[in-house]
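The values are calculated or read from the model by the stated rules, or taken from the named source; none is laboratory data. Computed from a predicted model, the values in this text were never measured in an experiment. Every residue, glycine as well, gets a Cβ built from its backbone with ideal geometry; the counts of neighbours run over all protein chains shown.
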Amino acid sequence: MQKLAFFVFVLIPSAFLLFWGLPPKDIVLKLRLPELLLSFGFGGSLSVAGSVFQGALRNPLAEPYTLGTAAGAALGAALASVSGFPVEWGALAGGIFSIFLLFFAFRVFSDPLSVLLFGVGLTAFFSASILFLYALFPVYTLQEALLFTLGYITPVALSPSFFLFFISLCFLALLTFRSRGLDLISLGDETAFFSGVDPKRERFFLLLFSSIPVSLFVAYCGVVGFVGIVVPHVVRFMGYRRGNFLLPVSFLVGGGALVFSQWLARTLLYPTVLPAGVVTALLGVPLFLYILWRYTGGRG
Amino acid sequence: MKGVFFCLLTVFLFTLNSFGFDRVVSLSPALTDIIAYVGAEKKLIGVTVFCSGEVCRGKERVGGIVNPNVEKIYNLHPDLIVATTMTPEKDVDILKRLGLEVLVFRLVSLEDVVNVTGELGELLSGNRAKGKELLKSMEREAFSLSNCLKGKRTVIVISSKPLYVAGSKSYLGEVLELAGAVVVPDTDFSALSYEALIREKPDFVLFIGRGSLQPAGNLRVVKLEPADDFLHPSPRILKGIEKLRRALCKN
């Protein structure tokens, strides 16, 4: 049954994205394969980061999108493109900077709701800064900025997309390798400490390692939300709760989910291409509300 | 003798072939208008979803200006793609990397419009003079406006919420300055506050765009429609001038 679910979640969207409309061979190779690698890697990294954030911060609504990491990376990318640096480095710097802020906030507030609100504030501030930055420059780029903050996946060449996909796999392996720390932290700092894990150090590394691939993808695709919240919950619902299963399965399902969204974004209003972030929000928000309802209902 | 004849024929055919592009995709409605103006609309195979009017009938739609559908463009096998600087560099890069020829034009000032018309005229119909011809007809049309616009302070508003104006360095401002108007403010395109609009003390506020514009004070607002005749930096502005004359110079 679960194998069937994987098949539905992973292979069918990928096949749709690659072969919808039966395009000629060079389109599949030159345009659709990079797009598949990019959206699969991004969706996967977002979901892995979501799982890590939710476990490490013990907060069911945490993910790079809600806590401002994605927006930080986007601001970094925008600053870099304005000042002529490579966007990837800018995004990386922005993402890491926001992780430092988040880590600091976690130590100050230590209450999940406050951390979440801090993230909301951070996201709003970074998004406003992006718009301010674009307002300083000619009007023509404003629409582009809007598409960027909504997560518009543009076609790229094969080599960068393959490289990014490879990086996302590397960090997935690294995080899966360290998933014992994640499991222990999610049980509480005290349990983690007495099981031989330094919770502060471990939490910092987990957050950092999961944000690096997300930041790099944000440089190319902009900010995509709700994949990182919804997918880990779906995966846990399917019965994978321990980190060494949760993370790889999240990667697969999340990749499939973003690939499906990108396929919809491209096909719904053909030939206009929608931002993929719009589609993930449209599909993800109902699920997100369901999770919220289920979570509060479970406690009350 | 026969051999020489065939050689000459081949050379002739080759030069004929290299002379023009036959399958052109335009990523800007303004460039589409320019291509139609230089008489090469038959070579045009793809236009944006914003394209309106007779030119676009029977052409493939290839997505928007800032979000073109790269795959569809590639599928059409064009030999030339023309775009403005509004199309993101990312998309232009990927099209170039796919081995397609892309020309990017800047269309902000009147000089840009005239130059691009000349360039596209030379590329697509072998007629560079089209640019100068356009400038001449613009000057002629603008001159017919001069008795109602001469010396008048004019603000050109292209969006009311937020207030966005085309200043004297934009093609719209320059066309009106040809007619002797004093276009304020002294920018190309920029956002403006309502307060600044009133402080400019314009004689005319030309409003192009959707909705309505009601600034405080007794400013004379002239609403111009349809917006497409004014907002394309292209020969279509000639139609716009005609409409402007009807709206402004009726008495």
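Observations
- Among the residues of this structure, B:THR85 does not count as one that is of a type outside the set (Gly, Ala, Ser) and at pLDDT 90 or above.
- The lone exception for B:GLU139 - which of (1) under 15 Å from the mean Cα position of the chain (by Cα); (2) in a helix (DSSP H, G or I) it fails: (1)
For every residue, the table says whether it meets (1) modelled with pLDDT of 90 or more; (2) within 14 Å of chain B (Cβ to nearest Cβ); (3) crowded, with 24+ Cβ neighbours inside 10 Å.
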{"site": "A:SER210", "(1), (2), (3)": "yes, no, yes"}
{"site": "A:ILE229", "(1), (2), (3)": "yes, no, yes"}
{"site": "A:LEU258", "(1), (2), (3)": "yes, no, yes"}
{"site": "A:LEU264", "(1), (2), (3)": "yes, no, no"}
{"site": "A:GLY277", "(1), (2), (3)": "yes, yes, yes"}
{"site": "A:GLY297", "(1), (2), (3)": "no, no, no"}
{"site": "A:GLY300", "(1), (2), (3)": "no, no, no"}
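- Selection from segment B:37-58 of residues that are more than 21 Å from B:THR85 (Cβ to Cβ) and not hydroxyl-bearing (Ser, Thr, Tyr): B:GLY39, B:ALA40, B:GLU41, B:LYS42, B:LYS43, B:ILE45, B:GLY53, B:GLU54, B:VAL55, B:CYS56, B:ARG57, B:GLY58
- Residue list for segment B:66-96, restricted to those being more than 8 Å from every other protein chain (Cβ to nearest Cβ) and assigned to a loop (DSSP other than H, G, I, E, B): B:LEU76, B:HIS77, B:PRO78, B:ASP79, B:THR87
- Residue ID - nearest to the other protein chains (Cβ to nearest Cβ), chosen from residues in segment A:147-163 that are more than 14 Å from A:LEU258 (Cα to Cα) and surrounded by fewer than 20 Cβ atoms within 10 Å (Cβ to Cβ): A:ALA157
- For segment B:105-123, the criterion of being under 30 Å from B:ARG199 (Cβ atoms), in contact (Cβ under 8 Å) with a residue 24 or more places away in the chain, aliphatic (A, V, I, L, M) and in the same structural domain as B:ARG199 (by TED's automatic domain parsing) is met by no residue.
- B:PRO29 satisfies every condition listed in (1) within 18 Å of A:GLU144 (Cβ to Cβ); (2) buried (at least 20 other Cβ atoms within 10 Å of the Cβ); (3) within 13 Å of chain A (Cβ to nearest Cβ) except (3).
- Long-range neighbours under 8 Å by Cβ, at least six apart or interchain, first residue not assigned by TED's automatic domain parsing to the domain that holds B:ARG236 within segment B:126-145, second exposed (fewer than 13 other Cβ atoms within 10 Å of the Cβ) and of a type outside the set (Phe, Trp, Tyr): none
- Selection from segment B:201-223 of residues that are surrounded by 14 or more Cβ atoms within 10 Å (Cβ to Cβ) and either under 12 Å from B:TYR164 (Cβ atoms) or at pLDDT below 85 (or both): B:PHE207, B:ILE208, B:GLY209, B:LEU213, B:PRO215, B:LEU219
- Qualifying residue in segment B:64-80 (condition: surrounded by fewer than 20 Cβ atoms within 10 Å (Cβ to Cβ) and of a type in the set (S, T, N, Q)): yes
- Given (1) under 19 Å from B:LEU145 (Cβ atoms); (2) without any contact (Cβ under 8 Å) to a residue 40 or more places away in the chain; (3) touching a helix residue (DSSP H, G or I) at 6+ places or on another chain (Cβ under 8 Å); (4) not hydroxyl-bearing (Ser, Thr, Tyr), index of the condition B:ARG236 fails: (2)
- A:GLU35, sole failed condition from (1) more than 14 Å from chain B (Cβ to nearest Cβ); (2) modelled with pLDDT of 90 or more: (1)
- Counting only residues that are assigned to a helix (DSSP H, G or I) and at pLDDT below 90, segment B:2-41 holds 19 of them.
- Qualifying residue in segment A:105-126 (condition: modelled with pLDDT under 85 and at positive phi): yes
- Residue within segment B:170-185 that is on the phi < 0 side of the Ramachandran plot, within 16 Å of the chain's Cα centre (by Cα), within 14 Å of another protein chain (Cβ to nearest Cβ) and among the small types (Gly, Ala, Ser) present: yes
- Across segment B:97-108, the qualifying residues are those that are assigned to a loop (DSSP other than H, G, I, E, B) and within 13 Å of another protein chain (Cβ to nearest Cβ), and the one among them that is nearest to B:ASP22 (Cα to Cα) is B:LEU100.
- Yes/no for A:ALA135 being touching a residue at least 40 places away in the same chain (Cβ under 8 Å) and within 14 Å of chain B (Cβ to nearest Cβ): no
- Remark: A:LEU18 matches the filter, which requires a residue to be more than 11 Å from A:VAL227 (Cβ to Cβ) and within 14 Å of chain B (Cβ to nearest Cβ).
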